[in-house]
Structure formats: structure tokens, C-alpha cells
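Heads up, the thing below is written out as C-alpha cells.
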Amino acid sequence: MGIFDFLQKNKNETKQETVMPVLPAEIYKQGVLELQDVIAPSALQITPKSLSLGEKMARTFFVISYPRFLTTGWFSPIINLDKMFDISIHIHPLETTEILRKFQRRVAEIESQISIREDKGLVRDPKLDTAYADLEYLRNRLQQAQEKLFDVGLYITIYGDTREEIDKIETEIRSILEARLIYLKPALFQQEQGLKSVLPLSDDKLNVLNKLNSDPLSSIFPFVSFDLTSDRGILYGINRHNSSLVLFDRFSLENYNSVVFAKSGAGKSYMMKLEILRSLMFDADIIIIDPEREYEYLAETAGGRYFNITLSSEHHINPFDLPTPREDENPADVLRSNIITLVGLFRIMLGGLTPSEDSIIDKAITETYALKDINSESDFTNIEPPILSDFELVLSGMEGSESLVQRLTKYTQGTWSGFLNRATNVDMNKRLIVFSVRDMEDELKPVAMYIITHHVWNIVRKTLKKRILVVDEAWWMMKSDDTASFLYSIAKRGRKYFLGLATITQDVADFLGSKYGKAMLTNSSIQILLRQSPTSIDLIQDTFKLSDEEKYLLLESDVGEGIFFAGLKHVAIKVIASYTEDQIITSDPSQILAIKKAKQEHAEEQGGGLDSIEL
């Protein structure tokens, strides 16, 4: 009764009646909601074979018999069913002394029956012989304290929206168990007791028990599916086997690298953006090489910096930049390593080099640095490095360099001169940096990605800090041995500088076809396979040693679903993002248009024009 009903009732009562005052504390108690009020279903209906809990239906079963032998893992197909159900295992230890006395009487009875049949000349009964052998074996094990005996109640409660759904789940579970000679019965007229027995209250209301010794009881142990849950790290997704969380910290593994393979539209960039967003919260700096301009909105939203590298771009990177040697590094080794890297760059730029041209290029680079007083004995920390025009000048004065100079001219004086022949003006002082090469000509994309990666590597070596380098569409860099070799060297050496390399690709054949592809795969502690195309699935299956079930799982997976490998373990995963995260990282064109439209409407409401809209 509410307070207003109570007052109205008192008003209508006769004056002769004594009205007991209601204390404020009593009124307060009448309106208090307890936890059971919050979690209780709106209605409960009990029928002989099921329960109705609000909008859900439930049905409880118990196991009535087991076969003579239980194999390890027999219960795992039930536990890993993609259905909603609860399992409760009630284990009641039995006193060994009392059990041994009962066994002694039972053994005497069986011996007597066997003896009587022998006296009558009857054929041997295999059932009596087997029972006698089993009892004697178990008696010995109990006597030696190698086994214990238990009363075990195994109850399963399944849930569904309709009776038909409940019946379908029941049929599926029955077929799995009966194939193993394990039989179930529904708790007829005991559904209420069955539900209470399954609740995590350790209260066995059904009390339908079977005697099991230690070995078969251990085979029911329910935690049989793989978990990839760490006590620290970021959430990668949900384990599709058992709905546990896939939590992992890449920086806790033997190396910090990862690879992601997926067909176009399978959600690989979406998954990577989600990891980036969550890694930023754990003090990791992120650097992204973006060939499709998919990370621009993420950079803007997260307060990062976005560089669009094109032939006419205002952003430039000088390939002759040198990293600052660390205290534990020899400047001569740093210079020599940079010269080797530049030789690899010129192989890509000039369409390959003969052995003699390779030697000329190497010597020209050394002399170009010498023009700026940069050599193995100098301190080049504060010396301005040369640019490509300086290198061309040195090269043109060397014997046998005519063809090299002719091929180099387009990078220094031709259409492509604005890209490379400038001093570096890229400021990487933000925690999230994105380099986009989408608008770069396809012929120049491998060159651009190589130069950017080289520049990033120089920055990484300068300061020790937790970082992740993301190379999207890495197959671009695997097309050339020089770019693939350089990427592989980063994968191998990155751990020393607290760097994790994340490579993403949709062209599995090109990536794994490179002699460095499988080596990079081996040097990646985390491997993620999302939905695959039929043309590449056989290569994936052979490379990752997948079962046929896992192969078909990858073919039939939805967007954002696949297999997550970490070390020796792997689980089926589903990527989950919150609404806010989804709005930031989505690549769905319809969602992007909706976001832009919402921004435009908001700007117009604020009185701004289209020029004030940040898209």
C-alpha cells in the first residue's frame, strides 16, 4: 500500500477508530528495492516439464546413467555448444571405510552367484565376471588410497524463447550424450527444484546422484575450452567457444609483433583500429602507414597527427636523415647501417642494380655524406644531412654512372622531385601518427612506404618508448625483396627498442610467397585470421596447420570473426566494440556518411557554414 492510499483509507474511517500513526521509517521501508527485486523475473510459471521466467523458458535435466568407461573430454562438446544453458555439478564425497564394507558384501554376493552357476554347470555369465573384476579393481584402489568414491549429480538447465527452441536444444544435447551412452531425463514435476539446484547456491534440491570414482569424475571437469585471458592487456574480443574475454598484452610476449590476414571487407582494419584506440589508453605510441586513407578520422578524433604523403604534398621526408646514436651504439655502425638501407632504397627507385652499379651507389652515398663532414669518426648529431640533389651531384662525377644518373633525374628534377628532394619537415611529437600514401602513384607506393618506415625506424631508435608500428596492406612492401627485407629486420630488432610491428594484409599469397613472409610470421607472437576467401584458404590451412573445422570456420565467419593465435594457443574470436568506439573506427561508407551528415546538421544549428565543418 502506498502512502497516498494509506492516507485516503484513514480519512474514510470512522472517528471512533483509533488511527495508528505511520512512522517515516516504515514508509521508507515499503518503497525500498532489494537486489532480489531487481534481478527477479517479471513473472514465473511452473509446468511439469518447464519453467517460464519472464520472457524466457527453462527446462532442467539430470543424468541418470553413465557407460562403463568415460573418455577424457567427453563433456567438452556440451560445454562448447553455442547455446544458452547452465550446468551444475554437485559432488558429495563418500566415506571410504563404509564403501569398502559395502563392496565386501557385494563381492561376496557375486562370488556366491558365480559359484552357484558353476555348481549347476551353467554357461559363464560375462556380466558377473566383469562386475567382479571391476569391484576387485576398485576395492584395491580404494584400499591403497589411489581412488575415492563420490555421489555426483549432473544437472543441465537450457533456456529459450519458445517451446520449439527448447525442444530443439534438448534434442541436440541428447544426441551428443546418447552417442556416448550417457542418458538424460527431464526433472518432471521438479522443475522448480531443478532450477534451484542449478543456481550457484550449492544447494542440491534434486538429489539425483550417481556413484563415480576419481578417474571418471575428473573427465567431467568443465573447463576444457581454451582461454586467452591475461591479468593485463587490452580486450581483443570475445572467445566464441565459451564467451570469455580475449585479453592480452602484446608487450608481455617473447616479441611484440602481430600479423593479421583477412579478405577485403572482413574487418581487419576495424580490428586494428580498435586495438590502436585501446592501446593508446595504456601509454603506447602508435605509428601507422596507411595506404588507403582509412585512419584519418581516427587520428583527428584521438588528437593525433595525419600526414598525407603525395608528389605535391607539403610534407617531406629526407631519406638521407641519420638517427642519433644511442649511448650503447657506435656512430660508425649507425652510419654504415644507414648506407646499406639507402642502397636498398635505390634498388627500388632505380628498378634494380647490377653488382657494379651497387658498388657505385654505395661509394656515392659515402662520398655524399662526406661532403657534409659526416663520416665514421665524426659526431653527426647536429649536422644537417645531404639531400637527393647532393647525391646526384656526387654520382654524376663518378665513372660508369651515366645510366644511374639518367634514371635518378626524375626524382630530382622531374615530376617526382617534390617528393624526395627536400629536407624533412615531418613533426612526430604526437602519440598517434598516421602516414597516408593513398594518393601516391602505385609505382611509387613501395618507395614511399620504404622511406616512411626508414624514417620511423630512425625515430624509434632515438628514444626508448613503448610503440606499435602498424603497416596496413603490407603486401605492398612484400612485393620487393629490399622492402620485405627491411620490414623483416624491424620485426627482428624491434623488441630491443620496445617496438611492436603489426602487419595487415589481404593478399595472403603475395605476403607468404615472399621469402621473408613466413619468417615474419614466425617472428610474430600474435597471429589473427579473419574471414578468408576460398582461393587462399588452402594456403592458410597449410601454413597455420588448421583442422578442417577451423578451415570452414574461417570461410563462414562473419565480419570481425576469426581465429586468434597467441603463442601455442588459439581460440575463435569475435571482435566487439562499444558504440562510441564504433563511431570512431568504422569503415562502413553508410556509417561514415551518417556521421558526416550529423556533423553538418550540428554545424548548421550552431550557425556556421559548410566551411566551419570538420569532416
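The values are calculated or read from the model by the stated rules, or taken from the named source; none is laboratory data. Everything numeric in this text was worked out from a predicted model, so none of it was measured. No Cβ is skipped: glycine too gets one built from the backbone with ideal geometry, and neighbour counts run over all protein chains shown.
ILE459 falls short on exactly one of the conditions (1) touching a Phe, Trp or Tyr at 6+ places or on another chain (Cβ under 7 Å); (2) more than 21 Å from MET478 (Cβ to Cβ); (3) among the β-branched types (Val, Ile, Thr), and that condition is (1). Here LEU388 fulfils each of the conditions (1) on the phi > 0 side of the Ramachandran plot; (2) crowded, with 17+ Cβ neighbours inside 10 Å apart from (1). Scanning region 418-439 for residues that are in contact with a helix residue (DSSP H, G or I) (Cβ under 9 Å, 6 or more places away or on another chain), among the polar types (S, T, N, Q) and more than 13 Å from ASN318 (Cβ to Cβ) yields a count of 1.
When the criteria are applied in full, PRO325 meets the requirement of being modelled with pLDDT under 90, surrounded by fewer than 20 Cβ atoms within 10 Å (Cβ to Cβ), farther than 18 Å from GLY567 by Cα and touching a Pro at 6+ places or on another chain (Cβ under 7 Å). Tell me, which residue of region 584-615 that is surrounded by 10 or more Cβ atoms within 10 Å (Cβ to Cβ) and closer than 24 Å to LEU529 by Cα is modelled with the lowest pLDDT? Looking at the filtered set, the residue picked out is ASP588. Selection of region 554-569 for residues being surrounded by fewer than 19 Cβ atoms within 10 Å (Cβ to Cβ) and part of a strand (DSSP E or B) yields only LYS569. Filtering region 391-413 to residues that are surrounded by 18 or more Cβ atoms within 10 Å (Cβ to Cβ) and of a type outside the set (Asp, Glu) leaves PHE391, VAL394, LEU395, SER401, LEU404, LEU408, TYR411, THR412.
Taking every residue in region 186-197 that is on the phi > 0 side of the Ramachandran plot and pairing it with any residue that is not basic (Lys, Arg), at least 6 positions away or on another chain, the pairs with Cβ-Cβ distances below 7 Å are PHE189/PRO48. Here GLY351 clears all of (1) surrounded by fewer than 20 Cβ atoms within 10 Å (Cβ to Cβ); (2) assigned to a helix (DSSP H, G or I); (3) not assigned by TED's automatic domain parsing to the domain that holds PHE498 except the condition numbered (2).
Based on this model, can you work out whether GLU147 counts as among the charged types (D, E, K, R) and within 37 Å of the chain's Cα centre (by Cα)? No.
Under the condition of being surrounded by fewer than 10 Cβ atoms within 10 Å (Cβ to Cβ) and either more than 60 Å from the chain's Cα centre (by Cα) or not in a helix (DSSP H, G or I) (or both), the residues counted in region 125-139 number 0.
So, in region 249-282, exactly how many residues are of a type in the set (Gly, Ala, Ser), more than 20 Å from LEU487 (Cβ to Cβ) and at pLDDT below 90?
Residues flagged as of a type in the set (Gly, Ala, Ser), more than 20 Å from LEU487 (Cβ to Cβ) and at pLDDT below 90 within region 249-282 amount to 5.
Quickly run through region 366-423 and pick out the residues that are small (Gly, Ala, Ser), part of a helix (DSSP H, G or I) and in contact with a Ser or Thr (Cβ under 7 Å, 6 or more places away or on another chain).
We begin by selecting, within region 366-423, every residue small (Gly, Ala, Ser); these are 370, 376, 378, 389, 396-397, 400-401, 403, 414, 417-418, 423.
When the remaining residues are screened for being part of a helix (DSSP H, G or I), the result is 370, 389, 396, 403, 417-418.
SER389, GLY418 - these are the residues of region 366-423 that are small (Gly, Ala, Ser), part of a helix (DSSP H, G or I) and in contact with a Ser or Thr (Cβ under 7 Å, 6 or more places away or on another chain).
May I ask you to verify whether LEU530 is free of Cβ contacts under 8 Å to residues at least 60 places away in the same chain, under 30 Å from ASP482 (Cβ atoms) and surrounded by 14 or more Cβ atoms within 10 Å (Cβ to Cβ)? Taking the combined requirement at face value, the residue does not satisfy it. Residues in region 180-198 that are in contact with a Gly (Cβ under 8 Å, 6 or more places away or on another chain) and more than 15 Å from MET57 (Cα to Cα): SER197 only.
Within region 533-553, the presence of at least one residue that is within 27 Å of TYR256 (Cα to Cα) and touching a residue at least 60 places away in the same chain (Cβ under 8 Å) is confirmed. The residues listed here are THR72, THR96; of these, the one that is hydroxyl-bearing (Ser, Thr, Tyr) and under 30 Å from LEU195 (Cα atoms) is THR72.
Residue count for region 83-114, restricted to those that are assigned to a helix (DSSP H, G or I), within 49 Å of the chain's Cα centre (by Cα) and either among the small types (Gly, Ala, Ser) or under 17 Å from ASN207 (Cα atoms) (or both): 0. Within region 297-318, the set of residues being surrounded by fewer than 16 Cβ atoms within 10 Å (Cβ to Cβ) and either outside any loop (DSSP other than H, G, I, E, B) or among the aromatic types (Phe, Trp, Tyr) (or both) comprises THR301 only. Selection of region 174-215 for residues being among the hydroxyl-bearing types (Ser, Thr, Tyr) and either at pLDDT below 90 or farther than 14 Å from LEU154 by Cβ (or both) yields SER175, SER202, SER214.
Please go through region 414-444 and give me each residue that is surrounded by fewer than 21 Cβ atoms within 10 Å (Cβ to Cβ) and within 30 Å of the chain's Cα centre (by Cα), ordered by number. Result: MET428, ASN429, LYS430, ARG431, ARG438.
Of all positions in region 282-302, none carries a residue that is more than 28 Å from GLN532 (Cα to Cα), touching a Gly at 6+ places or on another chain (Cβ under 9 Å) and hydroxyl-bearing (Ser, Thr, Tyr). For region 456-499, the set of residues classified as part of a helix (DSSP H, G or I), closer than 16 Å to ILE286 by Cα and of a type in the set (Val, Ile, Thr) consists of VAL456, ILE459, VAL460, ILE490, listed by residue number.
Every listed requirement among (1) in contact with a Leu (Cβ under 8 Å, 6 or more places away or on another chain); (2) in the same structural domain as LYS211 (by TED's automatic domain parsing) is met by ALA133 save one, (1).
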